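A short worksheet on the structure shown next.
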């Protein structure tokens, strides 16, 4: 453990809806370069945490900082520009735009081109557009969608849309990406592809927080796992520790799964 | 797709043809159609920017149009201002009003904005009718004087219908050029992103409010200026400048080919500006027809004719190899 | 300016307020259950009035039979409207429904102008000139009838919404569509009924006011804008709120109209609506539906 400041610090995050506390005083840190999984049963508050951290829902209490910069209370688009991007559980894409344009849109607020320049044909704009097109093609290649670069996003399958969303979240060179259920409803071949993509992106230096229901996926992919139950963090550590933590097994995995995990199934 | 230079050439030829019309015919009826086309193209182009590109259903355009008209009329008749300044001021006032109602209601929701824009248009009509000390009430300001456009070195008295044709057509070309530059730029791309998936756009750093306000203010500015010119063509400004008829017509122009299509809306404006007169329908029947078209469009062709064609076009991408791996 | 004058104004205002309420409640019900803003709502008010004129003047039908027929026709039209146009719109997006109903309003309004011209007509029967005099107050019999009709309609609506299963289902869908679906409520049946009732109320309002004010094809146009303002001020989707706001508006219009040009009241109404949206978007009484 180095003494450097964590990339993401979350302190005392709390969110209440109509009398129910969806997120209850959750705190954690994410080191730069880590791949952290966030698991928990339905209603444990995982998606709410994602929404709060990314500025899509207001938190009632708590603070969070990205690389020392305060993100608390800021609106979604500013948090994205500050370097924290996310994907959505209900996979979102611009159906009528081509895949490449989908990616180019994702980059345009972060490449330093001002409004007036945007309307002209100046060198700055052309350079920025060329750079984002190149990066877009790279990312499409990484996620295996390069051949559809000029196709409208509407033609993609569900799993392909998820890959596109991951690529889009990467376009603006974020410091930290939060993936919200990247493999939910996706077939096993595609799950393996997503896993490969995440490994590759992490190798290029991106920090990832992955929220998922698919415990197997998280356990094999992440070096660190946080477990949430009923809005509270009940465990935080490497998969081996989580697998055998009695509280986790009891509250979340249930006796049958607990037995399975105890026998070392991945 | 035709090559860029060919399209540019065709556009230039088209513009040249439009400007040649008054030389080829002195027929006032034709010139009137031209003025109508020019004016509606600016109105529908602005509505397309707001609704077609940014996805914001707005009924406020006619309000901006009339505000521009009244402002220009008052500044010229009461203040002795030159026409260009009157119209420009009308445009800027309209843009300011647009920003105010936009900023206050867009923070709520699209529903709220649609209803507020509708009531704003209605309110404009009521104010024009009832604030007699300002707007002269239901009689309006008739007998607007022949305007003089003080171009550097060349004062231009707009005394003939052909003069107004040149003025309005000229402004329409400028307005369409401005709109074209915006929608083909990354600003236009951002607006489309806001329309197609606002939450996704936000997660990519795009501020939806900023782009909605930009579209609204720009459309208001253009509508206000063309309103300022248009009332001098009519030589009268009265509350009928806020008539719902304008709103209904612009909506049809935007919807029929498909909201969001630059050339589609421009083409629809041309056809719809000329067609009704050619068909010799009374206004009422024309509105019944438009209403029916609107209903049919919403039921069967929500994306307009162009949208339907685009969907058919999509099929060429649907190949067996696209099944999820 | 004596108390009698004020009371007279208040009474007149209450009559028109009650009628406003019928139209506004119908609009609110449709919005609450279907999430559709029915732009054509005012045209059904106008059609109700025109049919009432026709039945009374051309067919010699009495007041109450006329009202009955018009209401029945309006309810029927509501069913047709739902099945033919609105059913396929469910979940199709807000803009589509506004534009569709706008198109419908254009067809109905301009069709009526084309067929009947904009000349206003007055329903004139022997009863039109009967007044009821109580002390200083003088009210036309037609206004009394309209008030009675309105109150009857309120009562009927209340009974339907709060005492029948289908009414409870309507309220359920208006408050939380997803929950209502999970409980097994059939959205089509509920929506159909909501539209039928909403349009029925509109037509009834038209029939009630036909003998009181002039009848002409454009009368629905300004009415619907006022109805929008009312339901926003009262709270979108809140039917009782719409009723209260409507009656208050009627009385306010009448009282202020006694001293100021009525036209300024219109501007006041719309400015209040815009102000309400900015300051308190859920309306005075809170909304059943988020704005």
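The numbers here are math on the coordinates, done by the rules we state, and not lab data. Quantities reported herein were computed from a predicted structural model and do not represent experimental measurements. We place every Cβ from the backbone using ideal geometry, glycine too, and count neighbours over all the protein chains shown.
Taking R0 as 45 Å, what's the FRET efficiency between residue A:32 and residue B:240 from their Cβ-Cβ distance, rounded to 0.05? Please report the intermediate quantities before stating the final value.
On the way: r = 66 Å, r/R0 = 1.46.
With R0 = 45 Å, the Cβ-Cβ based efficiency is 0.10.
Given Cα pairs under 8 Å that are at least 6 residues apart, what percent is the relative contact order of segment B:10-280?
Working: 437 pairs, mean separation 104.9, N = 271.
Result for segment B:10-280 is 39 percent.
Its convex hull of Cα atoms gives the protein assembly as shown a direction-averaged projected area, equal to a quarter of the hull surface, of 43.3 nm². For the options B:200, B:272, B:294, a Gaussian network treatment of chain B with springs between C-alpha atoms closer than 10 Å singles out B:200 as fluctuating the most. Peptide B:192-201 shows a mean partner chain C-beta count of 6 within 10 Å per residue C-beta. Summarising the strand pairing of the protein assembly as shown, around 65 percent of its internal DSSP beta bridges are antiparallel. DSSP bridge analysis restricted to chain A gives an antiparallel fraction near 55%, rounded to the nearest 5. Taking other Cβ atoms within 10 Å as a rough exposure proxy, A:51, A:67, A:216 sort from fewest to most as A:216, A:67, A:51. Its relative contact order, with pairs defined as Cα atoms under 8 Å and 6+ residues apart, puts segment A:57-206 at 32 percent.
Each label point was placed 7 Å from the Cα along the Cα-to-Cβ direction; for residue B:108 and residue B:12 their separation is 5.0 nm. Take each residue of peptide C:106-116, count the partner chain Cβ atoms within 10 Å of its Cβ, and average: the result is 6.
Taking every C-alpha pair closer than 8 Å and separated by at least 6 residues, the mean separation divided by the residue count of chain A gives a relative contact order of 25 percent.
Using only helices, what value at 222 nm comes out for chain A when you add -39,500 (n - 2.57) per DSSP H run of length 4 or more and divide by the total residues, to the nearest 500 deg cm²/dmol? Can you show the working numbers first?
Working: 10 runs with 101 residues, N = 266.
It comes out at -11000 deg cm²/dmol, rounded to the nearest 500.
Ranked from highest to lowest mean number of other Cβ atoms within 10 Å per residue, what is the order of the peptides B:170-180, C:181-191, B:232-242?
Numbers: B:170-180: 18.8, C:181-191: 14.1, B:232-242: 20.9.
By packing density, highest mean first, the sequence is B:232-242, B:170-180, C:181-191.
Peptides B:57-70, C:156-169 ordered by packing proxy, namely the average of other Cβ atoms within 10 Å per residue, highest first: B:57-70, C:156-169. Spin-label model, residue C:88/residue A:98: points 7 Å from Cα along the beta carbon direction are separated by 3.4 nm. Who wins for biggest fluctuation among A:30, A:183, A:20 in a Gaussian network model of chain A, springs between alpha carbons below 10 Å? Its mean-square fluctuation being the largest, the pick is A:20. Exposure proxy shown here: for A:225, C:265, the number of other Cβ atoms within 10 Å sets the order, fewest to most, as C:265, A:225. Taking only the alpha carbons of chain A, we obtain Rg and Dmax values of 19.1, 64 Å in that order. If I take R0 = 41 Å and measure r between the Cβ atoms of residue B:5 and residue C:284 in this structure, what FRET efficiency does the formula 1/(1 + (r/R0)^6) give, to the nearest 0.05? So, using R0 = 41 Å, E works out to roughly 0.10. Computed packing ranks the peptides A:226-237, C:51-62, C:218-229 as C:218-229, A:226-237, C:51-62, most packed first, by mean other Cβ atoms within 10 Å. Counts of other chain beta carbons within 10 angstrom of each beta carbon in peptide B:292-304 average 5.
Cα centroids of segment C:1-38 and segment A:90-142: 53 Å apart. The ranking of B:189, C:171 by Cβ neighbour count inside 10 Å, starting from the fewest, reads C:171, B:189.
At the listed q of 0.07, 0.10 Å⁻¹, the Debye profile of segment C:3-279, built from one uniform point per Cα, gives log10 I(q)/I(0) equal to -0.24, -0.50.
Taking the alpha-carbon centroid of each part, what is the distance from segment B:28-74 to segment C:199-248 in angstrom? The two parts, judged by their Cα centres, are 31 Å apart.
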